[in-house]
1. To the nearest 0.05, how large is the calculated FRET efficiency for ALA213 and ALA12 if R₀ is 30 Å and r is the Cβ-Cβ distance?
2. Roughly what angle does helix 205-214 make with the longest principal axis of the chain, taking Cα atoms, 0 to 90 degrees, to the nearest 10?
3. Roughly what angle does helix 26-42 make with the longest principal axis of the chain, taking Cα atoms, 0 to 90 degrees, to the nearest 10?
4. Specify the residue with the greatest mean-square fluctuation among GLU34, GLU161, GLU132, computed from a Gaussian network of the chain linking alpha-carbon atoms under 10 Å apart.
5. Charges only on Cβ, +1 for Lys and Arg, -1 for Asp and Glu: so what's the dipole of the chain about the Cα centre, in debye to the nearest 20?
6. Sorting SER48, SER131 by accessible area (1.4 Å probe), largest first, what list results?
7. Using only Cα atoms and rounding to the nearest 10 degrees, what angle (0 to 90) does helix 78-87 make with the longest principal axis of the chain?
8. For the chain, give me the percentage of DSSP beta bridges that are antiparallel, rounded to the nearest 5 percent.
Amino acid sequence: MPCHTRAMDWFAWDFDHPAYFQIYADKAADAALEGPALAALLDLPTGSRVLDLPCGWGRLHPHLKARGLEVVGGDLSALNLRRHAEEHPAPLARLDLRALPFRGGCADGVFCAFTSWGYFATEEENLRQLSEAGRVLRPGGALLLDLVGRDFLRASVAEVEGYWLDFPHEGYQERATWSPDHRRILTERRCQGQGFRHDIWIPTDAEVQACLAQAGFRAIEAYGGLDGRPWDAAAERWIYRAVRS
């Protein structure tokens, strides 16, 4: 079974293959709950310009628009951008999150949902993603960073780590393992006769906070769920709202 294995660009393969829509089909239904909640936590006034980075196929776009926000989407995947344009027409840009094609201070908000930070092979590159988000925000603009809780993920993977699991209804198999240093989660999938391998850094809360501060953010608020409950180490979602200095 063919498998794309280059760690530095796994996302360019995985997210630009038609199997992506099959593997993540459930996220379309999740958007009805996640979209309004995350848009509310971003907490920007009507008319604010928000960059949805990465935007994927635009599943959360309608919920940002429903808050009266002016939304511009950006993603590396041409496949996702085509679907976004068809289903949710909007200004869109194909881009690398480490070098955004936008002028400094052009946005009131940056929206980064569903653990879309930590994809890159080095911490310097992951920090660059946050620094670029800070660069394109006006002073006082807000970043919303939605991540999986590290402790929750560790507990979820513990009993099945290293085993192939079948998802017959969705039509794929999956195996999750931690990297030897337990800093990255490696998720292999088999779908449509192809192999896929996510390789994502899963930071601690202290690492998230430190990177946000280093990228020029202040007034960092952390939540432990879509309902805005206080942050908790065991929470399934770690959601951060940070303000550009």
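1. 0.50
2. 40
3. Between helix and principal axis, roughly 30 degrees.
4. GLU161
5. With only Lys, Arg, Asp and Glu charged at Cβ, the dipole is about 720 debye.
6. Largest accessible area first, the list is SER131, SER48.
7. 60
8. Close to 65 percent.
The values are calculated or read from the model by the stated rules, or taken from the named source; none is laboratory data. All values derive from a computational prediction rather than experimental measurement. Glycine also receives a Cβ, built like all others from the backbone with ideal geometry; neighbour counts cover every protein chain displayed. What goes into the accessible areas is simple: the full protein's heavy atoms, side chains included, and nothing from ligands, DNA or RNA. Shrake-Rupley method; radii C 1.70, N 1.55, O 1.52, S 1.80 Å.
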